[in-house]
Amino acid sequence: MSSESLVDSLAEHLLDQVVRGEIAVDEALPSEAELAVQAGVSRLTVREAVKVLRTKNIVRVKRGRGTYVNAADRWTDLEPVLRAVGRGAGAGTTALAVVEVRRMIEAGAAELCAARRTEADLALLAAHVAEMDEAAAAGDAAAFARADDAFHEAVLRSCGNAFVPAVCGPLDRLLPHVRTRAAAFAPVRENAQKHHRHILAEVTAGSPAAARGAMEAHMDQTATDLLHYVVDRMGEAPR
């Protein structure tokens, strides 16, 4: 195994221990020497693996005292945060938390999109709505979820601010199995189709405030549908 693979493997192992609570928040990692012996690797490999966690703010170094675990709300990489939150809350409840964040960002993105979209942007959004309609008619939940995701990505990219898709894009790609599971229910697909058409209509009309409201309404409906069709049916207790 290459040295780079060893570093990644050890970093992943340490992250797993943190996510499972085997190394608690504010608890120190074992020393560099101890980790090297435990993993059967060099101290340099340990140092580089810990550096990977430090770059994501999963751990912090206290000079002369050791390396300590940070709380998940201080981490800067979404995937580890998702794993940590999901372990305690369940996939459906985690998806609800993601929708809350998406609502805050995507409502503003829809507002900007309505003010800045081009004819090419409108054509792409309309194409994704058509794809959703085709998938719904065929009862293809996976294809429906993909078209839904593509519509939202197009809104983000049409708002004329490169920071928006960079920040929100990864959120849209989280928990695809949960979105596909929700899309398996006809009422969920019908609600999504209605709201996406409304968003498209307001963006096409060039009405920023109305587009924002349409996206907020869509996200509210998405949260309601997730709660009813996914969280409740998975037996989770939403926070």
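The values are calculated or read from the model by the stated rules, or taken from the named source; none is laboratory data. As the structure is a computational prediction, the values presented were derived from the model and not from experiment. Backbone-built Cβ (ideal geometry, glycine too); neighbour counts: all protein chains shown.
Numbers at a glance
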item: Unique residue being within 21 Å of the chain's Cα centre (by Cα) and crowded, with 18+ Cβ neighbours inside 10 Å when the list is LEU29, LEU78, LEU53, LEU35; result: LEU53
item: Tally of residues being closer than 20 Å to SER5 by Cα and not hydrophobic (A, V, I, L, M, F, W, C) across region 49-69; result: 4
item: ALA109, sole failed condition from (1) touching a residue at least 60 places away in the same chain (Cβ under 8 Å); (2) surrounded by fewer than 19 Cβ atoms within 10 Å (Cβ to Cβ); (3) not hydroxyl-bearing (Ser, Thr, Tyr); result: (2)
item: Residues located in region 130-151, provided they are surrounded by fewer than 20 Cβ atoms within 10 Å (Cβ to Cβ) and touching a residue at least 60 places away in the same chain (Cβ under 8 Å); result: ASP133
item: Condition check for ASP73: closer than 30 Å to GLN221 by Cβ and surrounded by fewer than 13 Cβ atoms within 10 Å (Cβ to Cβ); result: yes
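Results for (1) under 17 Å from the mean Cα position of the chain (by Cα); (2) polar (S, T, N, Q); (3) buried (at least 22 other Cβ atoms within 10 Å of the Cβ); (4) at pLDDT 95 or above, shown as yes or no for each residue.
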{"site": "VAL155", "(1), (2), (3), (4)": "yes, no, yes, yes"}
{"site": "ALA192", "(1), (2), (3), (4)": "no, no, yes, yes"}
{"site": "ARG197", "(1), (2), (3), (4)": "no, no, no, yes"}
{"site": "PRO208", "(1), (2), (3), (4)": "no, no, no, yes"}
{"site": "MET215", "(1), (2), (3), (4)": "no, no, yes, yes"}
{"site": "GLN221", "(1), (2), (3), (4)": "no, yes, no, yes"}
